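Here the structure comes first, spelled out in structure tokens, and everything after it is commentary.
Just so it is clear, none of the values below were taken in a lab; they were calculated from the coordinates. As the structure is a prediction and not an experimental result, all values here were calculated from the model. Neighbour counts run over all protein chains shown; Cβ positions are idealised from the backbone, glycine included.
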Amino acid sequence: MEKLLMKGNEALAEAAIRAGCQCFFGYPITPQSELPAYLAREMPKRGRVFLQAESEIAAINMVYGAAGAGARVMTSSSGPGISLKQEGISYLCGAELPCLIVNIVRGGPGLGDIQPAQSDYFQATRGGGHGDYRTIVFAPSSVQELVDLVYDAFDLADIYRNPVMILGDGILGQMMEPVVFREKPRRQLPPKTWATTGKKGRGQNIITSLYLDPVKLEQHNWKLDKKYREIMARECRWEVINGDDAEYFVVAYGICARIAFSAIEMARSAGVKAGLIRPVTLWPYPQKAFDDVMNRAKAFLTVELSLGQMIDDVKLSVNGRAPVYFYGRPGGMVPTAEDIFNEILKMKGASV
Amino acid sequence: MKVVFERPRSLQLTRTHYCPGCGHGIVHRLVAEIIDEFNIQEKTIGIAPVGCSVLAYNYFDIDMQQAAHGRAPAVATGIKRVLPDRVVFAYQGDGDLASIGTAEIIHAAGRSENITVIFINNAIYGMTGGQMAPTTLVGQKTETTPYGRDPKMAGYPIKICEILSVMDGPAFIARVAISDVKNILKAKSMIKKAFQMQIENRGFSLVEILSPCPTNWGMTPGDAMRWINDEMTKVFPPGIYKESWEVLA
């Protein structure tokens, strides 16, 4: 298969087209700009829809309309724009509409900067909008994985009738890596009998998140809860490195996991039995990854490009069975492998 | 026996939640009659807003989506771009369209999105209990302008037809009142023209409808109709503001 050298943002865009994305609605923001630029060029050529909306708010509501009409649809943005989309994401979840939302995260809060960050973890995994809802969140750590997850993201969105988010970062979006577009066998997807396409030959279809009767809304909430529990049971993904013998684990996702990988190699050269847990889904969070290594694990070090957000999930997963330490660089700064290596040594020292 | 009056097919046989004397029932019926007359019930998708008409999907017998507050034109855009051969209309009130949704309506019009917008202007927020709307008249008393709308404090009414009519995008912009039988018939012909514009692929169409809200105006239904003719039409003159029969490229 042909190997191409592509920027993360462009590879993601090409993967979306190949995965059958029919329309894109978005609003410009750095550092994801190459993605809409690529789609603006390629979507019309292939008979698809590209539309630059007047705002992120309009864009996510166009996604809502298109998803409700049965289309495979996506939007992309970065932190500040994703904040604006939260109302729409809440409606999409309430109305159970499938779509892909890409967040190429930058530093915050506020306007922050345009450098890579992981400070939108809470927003992505806890739901930045109102109401009881969940979105599936994928956190790729290479351009190849980014591409592969796009296919899965669209499919899972359709299977569960739920928005799926890809949480990248400025480095992943901007860096060039070799990538292969695998032609995956398509999954059996449920027919979209609920879509509003005009009621020809059937009864009326309604897309809504409104249930004025609290008895009915509670039923709807329990139905969503059942779906979220199914997703938690079936869709957790993670990678463990040196799980067979490691005693000291770094926990990191996305680009941070790439740096952490170098750090555990350094640690092993220095005689520390170091390993890595890399969650690929941030929601549902792969708690089993921790259970699997708990009999040997002496301590965990969470490394994030933030003040510490995923560490809450690490602590919930470890559940008091081992100490959990944190090392982070917020604001768009990125740690070196040496920085993380030193933190691994500190963890070992503190845990002896 | 000859049938002289019947329920349009595109309306459901049900009781609405609208107050006595409310204009929504009249406009729902007009829109449904037009959908029937064009024979497009099976290819029409409506968008219900946030506001009193949020449950419009329980009254129209067509496919519908419920949109977040003010976002109906964006939702309509998403549907129409996916299904360009369907007829898509947004049904919005004045708070939805002229306050929280000003960006969406202006840009849908600017893109000449080939959709139809039914804009109910009753100069007040109905569902939340009678607060000032962007179209509340100067001096009009509401829950949040208890001494009357004072322009020094609360500004002036927003005139949507006037704003949209200076733009290049829209194909058809008109304002009507449903204050008496003659005006209701006029309103129907304007709404029909708006749908015709879309069906003929001529671009964005919007009809603003001056509509009574006796409950929140604190009037009898009859007085409310008279207030539209006597007061609202002075600030919001009915008429065709833009009409362009060019076909979209």
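Numbers at a glance
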read-out: Solution diffusion estimate, µm²/s, Stokes-Einstein, the range B:123-181, Kirkwood Rh from C-alpha pairs, 4 °C, viscosity 1.567 mPa s; value: 99
read-out: J(HN,Hα) series, the range A:278-283, from Karplus relation 6.51 cos²θ - 1.76 cosθ + 1.60, nearest Hz, glycine and proline x; value: 10, x, 9, 9, 8, 9
read-out: Label-point separation in nm, A:VAL215 to B:VAL181, each point 7 Å along Cα→Cβ; value: 4.4
read-out: Shielding score for B:206-219, defined as the mean number of other chain Cβ atoms within 10 Å; value: 0
read-out: Ranked packing of A:109-119, A:142-152, most packed first, by mean Cβ within 10 Å; value: A:142-152, A:109-119
read-out: Modelled FRET efficiency - R0 56 Å, A:ASP312 with B:LEU248, Cβ distances, 0.05 increments; value: 0.60
read-out: The range B:1-36: trypsin sites (Lys or Arg not before Pro) in DSSP loop, at most 10 other beta carbons within 10 Å; value: B:LYS2, B:ARG15
read-out: Alpha carbon convex hull of chain A, volume per residue in cubic angstrom; value: 146
read-out: Cα centroid separation, the range A:134-149 to the range A:293-331 (Å); value: 21
read-out: A:HIS130/A:SER269 FRET efficiency (R0 56 Å; Cβ-Cβ; nearest 0.05); value: 0.70
read-out: At R0 = 60 Å, FRET efficiency that the Cβ-Cβ distance of A:ARG237 and B:MET153 yields, to 0.05; value: 0.60
read-out: Semi-axes of the equivalent ellipsoid for the protein assembly as shown, Cα gyration tensor, largest first, Å; value: 52, 24, 22
read-out: 3J(HN,Hα) from dihedral phi, the range B:158-163, Karplus parametrisation 6.51/-1.76/1.60, rounded to Hz, x for glycine, proline; value: 8, 10, 5, 4, 5, 5
read-out: Projected area, mean over directions - chain B, Cα convex hull, nm²; value: 13.2
read-out: Between helix A:337-351 and chain A: long-axis angle, C-alpha atoms, 0 to 90°, nearest 10; value: 60
read-out: Among beta bridges that DSSP assigns inside chain A, antiparallel share in %, nearest 5; value: 25
read-out: Distance in nm between pseudo-label sites at A:ARG182 and A:ALA350 (7 Å out along the Cβ direction from Cα); value: 3.8
read-out: Normalised per residue, the volume of the convex hull around the Cα set of the range A:208-352 (Å³); value: 135
read-out: Two-site label geometry, A:TRP194 and A:ALA40: point separation in nm, points 7 Å out along Cα→Cβ; value: 3.4
read-out: Excluding exposed DSSP-loop chymotrypsin sites (Phe, Trp or Tyr not before Pro) (at most 13 other C-beta within 10 Å), longest clean stretch of chain B; value: B:6-146
read-out: Sparse-neighbour loop sites [trypsin sites (Lys or Arg not before Pro); the range A:252-343; at most 14 other C-beta within 10 Å; DSSP]; value: A:ARG321
read-out: Amide H contacts under 5 Å for B:ASP61, placed H, 5+ residues apart; value: B:LEU11, B:GLN12
read-out: Expected 222 nm ellipticity per residue - DSSP helices of 4 or more, -39500 (n - 2.57), all of chain A, to 500; value: -13000 deg cm²/dmol
read-out: Percent RCO, i.e. relative contact order, over chain A, from Cα pairs under 8 Å lying at least 6 residues apart; value: 17
read-out: Peptide A:46-52, shielding by other chains (average Cβ, 10 Å cutoff); value: 2
read-out: Area projected by the alpha carbon convex hull of the range A:6-78, averaged over all directions, nm²; value: 4.4
read-out: Chain B - mean residue ellipticity at 222 nm from DSSP helices (-39,500 (n - 2.57) per run, n ≥ 4, rounded to 500); value: -8500 deg cm²/dmol
